[in-house]
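Single-structure report; data block below.
Read-outs throughout are calculated quantities, based only on the coordinates presented, and are distinct from any laboratory measurement. Computed from a prediction, not measured in an experiment: that's the story for all the values here. Quick reminder, even Gly has a Cβ in these numbers, built from the backbone with ideal geometry, and neighbours come from all protein chains shown.
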Amino acid sequence: MPASPETTNSPLRVAIIGSGPSAFFAAEHLLERSDRPIEIDMFERLPTPFGLVRGGVAPDHQKIKSVTKAYDKTASHPGFRFLGNVEFGRDIHHADLIAYYHLIFYATGAQTDRKMGIPGEDLPSSHAATEFVGWYNAHPDYRELTFDLSQARAAVIGNGNVAMDVMRILACTPEELHGTDIADYALDALSRSNIKEIYIFGRRGPAQAAFTNPELIELAELAGADVIVAPQELELDPLSRAYIQSGEDRAAQRNIEILTDYSRQPPSGKPRRIIMRFLRSPVEIIGSERVEAIKVVANELYKREDGSLRPRPTGQTEVIPVGLVFRSIGYRGVPLPGVPFDQSSGTIPNDQGRILDANGQHVVGEYAVGWIKRGPTGIIGTNKPDSQQTVDLALTDAAQGIHIKPTEPAREAIDSLLHKRGVRVVSYADWHILDRLEQERGQAVGRPRIKFSRVDDMLRALEEYKQRTH
């Protein structure tokens, strides 16, 4: 039956693919700014929402996760629906969205890691940081992975906050981890860890490190690890010294101050040691059947024509015995079926959020927000103005009639389609049940929550709960 004619009073139907911070910020702004009635369907391939807030934020950073209270408020709006356990490209397709929605927002983030491109990178016990983070956060994609924590030394490659999280989790005592929502199996494995030394390597100097002041400061609070920074690691080259003295980057200045304090403190004899090295890049991971050592080259900084300071190798190398390596040197998005993608940047090509086709023309009604729009930069809050910018453009377009012309815009049409395809859709109310069950499981053993880490377990728990309560 043909769709009924649309009017300016008929709802603007919006699909959002992904349910992380950028997705919820987009939904919030759409609901606040639209002059026309609006219906938002947020699709998430997992039964659980919140993206990296649930699956990426370190378990010992519980305060950061409180941002989800704002997302709950958005989800309570009658114009909003969460459709979890629905995967784009498997359960719904690009052609479906074109048929059912006026506007489509992609908020799928940067789901995979960048590789170092060095010999030995694929040896057993050489891992992407994303794998370890997903594993200790109970993400279903990484639930079955194992990490050889019997090794005495580990290396973390990178100087961003994710690298710092990996290093810190490796250094935490079982008691420190017990008070978090870390995956139960990860808590068990890390409680038996034999790691004594954790190296962290940054290819640039301490003045260019990307980690934030709080991430650096909290290392001093670790109960079982000393922070080792040799004074020579903090010797700034003239370019870096001028940069720090200019005062234009207060965070970098503060990092240098904190690192200097660490360099002046003698080790206190704690069982683990965090060893921070700067101006070092890995050139080879050494081993026959598994990781045995890492070879790094010393770098020097030079100024490019654009004024930025970049590292280049000096030829001076050293080999450091390690049995476990985590790389955290950047992340990139993955292509979505039927959606333009730029392989070089790992993003969806766009003009301030408006998606561009291969000819550089705007794709009507389709938009990108968050890391899939701009690359993996910034913190959770950075996504709010980013999403708002895109939403404002989309609503401007829609007000001018520049949007998709769906053939079946009724809300129940997508429900019927997913039902016919046998998809078990998880609603936001279902998520609240899972959330409560996880917290109850945690309370039973004195922890904030024990997460479900398998999709089948989540769906089974929902069915059992509904059988008990009906």
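Remarks
- Pairs from the list K63/K466; K63/K384; K63/K451; K303/K373; K270/K451 with a Cα-Cα gap above 23 Å: K63/K466; K303/K373; K270/K451.
- For the peptides 387-394, 104-111, the ranking by packing is 104-111, 387-394, with the highest mean count of neighbouring Cβ atoms within 10 Å listed first.
- Local electrostatic count, G120, Cβ distance below 11 Å [Lys/Arg +1, Asp/Glu -1]: -2
- Region 112-331 - share of DSSP beta bridges that are antiparallel (%, nearest 5): 45
- Formal net charge of residues neighbouring I228 (Cβ-Cβ distance under 10 Å; K, R +1; D, E -1): -1
- Extension gain, S66-R250: 0.36 nm per intervening residue step, less the Cα-Cα distance, totals 63.5 nm.
- Surrounding net charge for N85, when Lys and Arg each add one and Asp and Glu each subtract one, Cβ distance under 10 Å: -2
- Each DSSP beta bridge with both residues in the chain is either parallel or antiparallel, and the antiparallel ones are about 40%.
- Charge dipole of the chain about the Cα centre (unit charges at C-beta), most positive-ward option of Q208, L236, I157: L236
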